[in-house]
Structure formats: C-alpha cells, structure tokens
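Okay, so here's the structure we're looking at.
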Amino acid sequence: MARLKVRGFEIHKGFLAAEAQRELIQALRPVLRAAPLFSPEVPGGGQMSVRMTSAGTYGWFSDKSGYRYADRHPSGQAWPEIPAEVLKIWAKLIDRDRMPDCCLFNYYGEGARMGLHQDKDEADFSYPVVSISLGDDGLLRVGGTSRKEKTESIWLNSGDVVVMGGDARLAYHGVDRIRFRSSRLLPKGGRVNLTLRVVT
C-alpha cells in the first residue's frame, strides 16, 4: 500500500484489498434498499450526472433552492445508519473521537462526472473528509482554495482512500471522468465514491 500526497490530499493507494472491497459493497446494499439512489437538481437548473444517496444522521442534498444537508431521504424516510464496515475505515485513518454524521454515496455511471467544487456545507472544517473509491477508475482533479489556482490530476482505483484535511480541507476538487468497466467489482460497471463527513 502506497501513500501519496497531491496538493495536500493524502491518498492511500490500495488501502482496501479485493476481499474488503467486496465485503463493503455487500454492506452497502441495505443502504440502497432503504434509501434508493436519486439524481439531485442543481440550483442553476438541470440535474447532476452522478446519482446519490446517504447514510447517517444527515444526507447531502441539492435542489433549486441550494446545497445543504437534510435529515431525510427525498422519499421522506430517515437515512439508514452508516454501516460498521464503513466506520471502521474512518477509525483507522482519523485520530479523533468524533465519528462522521454522514456517508454520502455517489454512483458514477458511464459518462458521469463531478465538476470542481469545495466541500463547505459542514459546520466545522477542522474535521477531514474521507473519500473511498470502489469500482471503476476515476480521474480526480485537485486544486487549491481558489478556482484560479492550477490543478493536478491523479487516477483513483478501486480500494483507494483519500483524506482531505488541513490545508486541503477546502480545496477545489472534482472527477473529470471514469474508465467505464475498468473494474469487475460492480456487475454493471461504474464507480462508487463514499465520502464521510462530520456535519454539525
């Protein structure tokens, strides 16, 4: 397992072995049954190409009125609990007593992408965001705290885990594209990205 730093992003390559990845996918299936994937609207109109859902006390949400956290799925149901298998990854990497309030589940199908953005809807930026990649390779682009700063890109593979903390906590980042069907982890292809966040 290699550990890299790109613009302050701490990248743990191959953090999850193949069997651990399969176990994690199985642990996430009840989350998807309880809180099915949906395509959020964006404030400027249209919908994201990434489908998402959440687990935990809060889930990240977007519609015409803006970006925010909500305590319920769009169906009106409370979000399911974050699986223990996911929380173990946070506990291994983050030396803090606080556990995350939200596990945001993003699914990238063929052609999906995520534009450059900051994770800034949380109340306390002293806590890092932990990002887990499963399935197809994704091209992560990272910059600084201003959109004007230069960016760098790195391919994330299934089992990689990224910690965004310190100076990188409010850095702009996004996923430019995925290599569809580059992994056999998901039967229908695609990339799953889990991000663990302390919200309140």
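Every read-out reported here was derived from the displayed coordinates using simple, explicitly stated rules and does not represent laboratory data. Nothing here was measured: the structure is a model prediction, and the numbers come from that model. Cβ coordinates were reconstructed from backbone atoms using ideal geometry, including for glycine residues, and neighbour counts include every protein chain displayed.
The table below gives the values:
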read-out: Using a Förster distance of 22 Å, the FRET efficiency for Ser126-Glu152 (Cβ separation, nearest 0.05); value: 0.35
read-out: Distance (nanometres) between label positions extended 7 Å along Cα→Cβ at Val42 and Ser75; value: 2.7 nm
read-out: Nearest-20 debye value, the stretch 2-197 charge dipole, Cβ charges on Lys, Arg, Asp, Glu; value: 500 debye
read-out: 222 nm mean residue ellipticity, helices alone, for the chain (DSSP H n ≥ 4; -39,500 (n - 2.57); rounded to 500); value: -4500 deg cm²/dmol
read-out: Sequence of Ser75, Ser49 once ranked by neighbouring C-beta atoms within 10 Å, starting from the fewest; value: Ser75, Ser49
read-out: Pair Leu139, Ala34: separation of 7 Å Cα→Cβ label points (nm); value: 3.7 nm
read-out: Farthest positive-ward along the stretch 58-98 dipole, Cα basis, beta-carbon charges - from Leu87, Gly76, Ser62; value: Ser62
